[in-house]
Amino acid sequence: MLAELFAAAAHGCRDRSPLTQRLLADAADDLSRGGVTARIMAGAERDREGSVPGLRFAGAVHRLVLEGRAPALAKHYPSVGGQPDLPRLWEDALPALNEYTALLRHRIGATVVQTNEPGRCAPLYGGLLVAAQEAAKAAGRQVPFCVRLLEVGASGGLNLRPHHVAYRLDDGTTLGDPGSTLVLDPEWTGRPPADLTHRLRVVGRAGCDLQPVDVSTEDGRLHLSSFVWADQLNRWNRLRDALDLAAADPVKVDRAAGPEWLAKHLARAERDVLTVVWHSVVWQYVSPADRAMGRAVLADAAAKATPTTPLALLVFEPRREIDYRFALMLKIWPAGISLCLGVGVGHGIPFTWDVTPWE
Ligand SMILES: C[S@@+](CC[C@H](N)C(=O)[O-])C[C@H]1O[C@@H](n2cnc3c(N)ncnc32)[C@H](O)[C@@H]1O
């Protein structure tokens with residue numbers, strides 16, 4: 001079973017990260033043979049598919065490389081200046097896997113996948129512009145609402161400053177903050193259904209996570225870095241820039257489960273502000289109990305939303321109906337708006353804007 005999950009995770013990296021694909025494919029074979037990978041993964045045999053054990057393994061191995069504990073393997077990792085030589089990857093991985101079996105087992109057991117991907121700011125920014133403007137229109141206002149952003153499953157909080165990012169469009173215009181240290185090329189097909197000349201005004205932001213990552217520490221930065229596929233240098237550089245931006249504009253992520261935390265924050269409605277509940281690539285990790293409770297908390301707040309204290313839900317999550325591609329979906333209360341705004345890849349870039357009803 002675990003070997004199958006590793007093989008599926010390897011397949012998920014195809015065309016995008018040959019290094020991770022090869023590591024996971026070799027590890028899947030090793031698991032089937034009962035090799036060192038089986039000892040590393042001992043105790044994780046019954047993990048849910050949604051917890052993606054293969055990506056936890058790849059992240060823990062990458063972390064060994066980043067810590068300088070796996071010199072033979074580091075030669076293959078572009079994140080530390082290496083060059084992949086895929087046919088030799090596994091034999092160069094084995095010394096580190098054997099030496100650090102217990103450490104890897106401990107880390108893989110203690111962590112969840114925490115790819116805190118700043119590229120997701122691009123669909124988030126477009127979605128927030130749409131939400132602020134649509135909520136205003138529905139309330140008969142000329143000026144878009146200011147936004148209070150509440151992120152569930154925020155990890156290190158790297159997506160809590162979408163208004164401080166520069167979004168460089170292919171027609172030469174830049175949205176957001178043109179002076180930002182984090183510059184994204186969103187690779188949009190189409191545009192958000194909004195007036196892009198309006199700036200997004202964020203008047204409050206907060207995030208929670210069951211296992212928040214403190215990006216002000218070396219340990220936190222290493223943890224997030226380990227989940228970036230090491231041969232995707234664009235994403236590697238993007239994460240460095242996002243960490244710099246976070247250092248200049250810190251936001252603490254609260255240690256809390258989504259439903260309780262949301263209930264507390266939604267109890268206080270702010271007049272003339274659109275409250276937006278946001279989550280990206282979180283739902284698959286949430287327990288059934290928290291899913292049910294989260295839905296109930298949101299339904300309760302939605303029933304209390306008014307034209308002067310509107311509420312929105314904005315999510316970027318994979319959808320089974322579209323072959324697990326990632327959809328950006330928006331609901332606004334009391335306006336009764338429910339839209340799928342478009343579809344993209346998991347890391348947020350590229351993205352195609354295409355509005356359809358969200359049933
Ligand atoms: C793959 S990360 C995504 C991080 C971030 N949303 C992003 O898009 O970059 C998923 C996160 O969801 C968090 N998580 C899972 N269940 C949760 C819950 N019930 N409440 C709060 N956070 C949760 C995990 O701890 C993890 O940090």
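Tabulated values for the structure
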quantity: Helices (runs of 4 or more DSSP H) (entirely within segment 75-171) containing at least 3 residues that are surrounded by 24 or more Cβ atoms within 10 Å (Cβ to Cβ); calculated: 121-138
quantity: Number of the condition not met by residue 231 [criteria: (1) in a helix (DSSP H, G or I); (2) among the charged types (D, E, K, R); (3) more than 15 Å from the chain's Cα centre (by Cα); (4) surrounded by 20 or more Cβ atoms within 10 Å (Cβ to Cβ)]; calculated: (1)
quantity: Test set (1) within 13 Å of the ligand (Cβ to nearest atom); (2) among the charged types (D, E, K, R); (3) in contact (Cβ under 8 Å) with a residue 24 or more places away in the chain - residue 304 fails condition number; calculated: (1)
quantity: Residues within segment 179-210 that are under 18 Å from residue 159 (Cα atoms) and either of a type in the set (A, V, I, L, M, F, W, C) or modelled with pLDDT under 95 (or both), tallied; calculated: 10
quantity: Count of segment 344-358 residues which are surrounded by 19 or more Cβ atoms within 10 Å (Cβ to Cβ) and part of a strand (DSSP E or B); calculated: 3
quantity: Selection within segment 83-122 - of a type in the set (Lys, Arg) and either in contact with a strand residue (DSSP E or B) (Cβ under 9 Å, 6 or more places away or on another chain) or within 16 Å of the ligand (Cβ to nearest atom) (or both); calculated: 107, 120
quantity: Out of 296, 230, 242, sole residue that is of a type in the set (A, V, I, L, M) and assigned by TED's automatic domain parsing to the domain that holds residue 153; calculated: 296
quantity: Test set (1) in a helix (DSSP H, G or I); (2) open to solvent by 30 Å² or more (accessible area, probe 1.4 Å); (3) under 20 Å from residue 168 (Cα atoms) - residue 243 fails condition number; calculated: (2)
quantity: Qualifying residue in segment 48-55 (condition: within 16 Å of the ligand (Cβ to nearest atom), under 30 Å from residue 159 (Cβ atoms), more than 18 Å from the chain's Cα centre (by Cα) and acidic (Asp, Glu)); calculated: no
quantity: Enumeration of residues in segment 270-288 that are outside any loop (DSSP other than H, G, I, E, B), within 9 Å of the ligand (Cβ to nearest atom) and out of contact with any helix residue (DSSP H, G or I) (no Cβ under 7 Å at 6 or more places or on another chain); calculated: 279, 283
quantity: Tabulated pairs, segment 26-52, first over 22 Å from residue 284 (Cα atoms), second part of a loop (DSSP other than H, G, I, E, B), C-beta under 8 angstrom, 6+ apart or interchain; calculated: 31/41
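The values are calculated or read from the model by the stated rules, or taken from the named source; none is laboratory data. For clarity, every value in this text was computed on a predicted model and none was experimentally measured. No Cβ is skipped: glycine too gets one built from the backbone with ideal geometry, and neighbour counts run over all protein chains shown. The protein model used for the area step is the full one, side chains on, heavy atoms only, and it has no ligands, DNA or RNA in it. Shrake-Rupley method; radii C 1.70, N 1.55, O 1.52, S 1.80 Å.
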